[in-house]
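Beneath this line is the structure, given in structure tokens, with notes to follow.
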Amino acid sequence: MFSFYNMRKPRQFEHKPIYWDPRKEKLEQRIHKVKMEMGVEETDYEQYKDAIRGSFVEGTHHLKKSKDKGDDARDRLYRNMRLILLLALLAAIYWFLYLR
């Protein structure tokens, strides 16, 4: 539908591996965890990615409320367009009744 501004999201890189071995990945995670406990390796920031992802939404009150309600950008766009159309209709009625 018609919009006054384009709210496109940037493309995100998503690599889909051709071959993935879940056993090998679990083994590497266990080895890495043991090395971290022993102090052989420094802190790995990969483990914090899941905690960081989505923390901005959880930190803001209005985004968290809209996420809990299940609203997305399309719903907000339709609500804004409905409001604009209602205001335009009211302005046309006012012009027709009082200024004409």
Review point. (1) open to solvent by less than 70 Å² (accessible area, probe 1.4 Å); (2) farther than 28 Å from Arg8 by Cα; (3) not aliphatic (A, V, I, L, M): which one isn't true of Thr60, the others all being true?
Key: (2)
Check your understanding: Does any residue of segment 77-97 turn out to be touching a helix residue (DSSP H, G or I) at 6+ places or on another chain (Cβ under 8 Å) and within 27 Å of Asn6 (Cα to Cα)?
Key -> no
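The values are calculated or read from the model by the stated rules, or taken from the named source; none is laboratory data. Just so it is clear, the model here is predicted, and its values are computed rather than measured. Cβ: placed from backbone, ideal geometry, glycine included. Neighbour counts: every protein chain shown. Heavy atoms of the whole protein, side chains included, go into the accessibility calculation; ligands, DNA and RNA do not. Shrake-Rupley method; radii C 1.70, N 1.55, O 1.52, S 1.80 Å.
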